[in-house]
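Here's the structure, in structure tokens; my notes come after.
The numbers here are math on the coordinates, done by the rules we state, and not lab data. All figures in this text were calculated on a predicted structure; none of them were measured in a lab. Cβ placement follows ideal geometry from the backbone for every residue including glycine, while neighbour counts extend to all protein chains displayed.
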Amino acid sequence: MKTIAIKDLMVPLEEYATVPDSATPYEAVLALEEAQEKFLHLPYKHRAVLVYGPKNRIVGKLSQLDIIRALEPKYGEMGDIKSCRGSV
């Protein structure tokens, strides 16, 4: 069996959607849309936004579900979100 290195599987940081930790959820959505449009040739769609802090170091990650929760605070009351987790 052929050994695959992690570096062959990863998404290069310059291709990822990123925002500063001071960004709004709206700015995060715009960054995600821009990354998806910019890299249409890739076999996957970006589904998260990396967040950078001081010294441009990555300090976290926002998923699509995180953004939805920020935009709709009562999202968790709408139903069983655990059943949706795999499809987001």
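Placing a pseudo-label 7 Å from each Cα along the Cα-to-Cβ vector at residue 21 and residue 40 gives an inter-label distance of 3.6 nm. Extension gain for residue 58 to residue 6 (0.36 nm times residue separation, less C-alpha to C-alpha distance): 16.9 nm.
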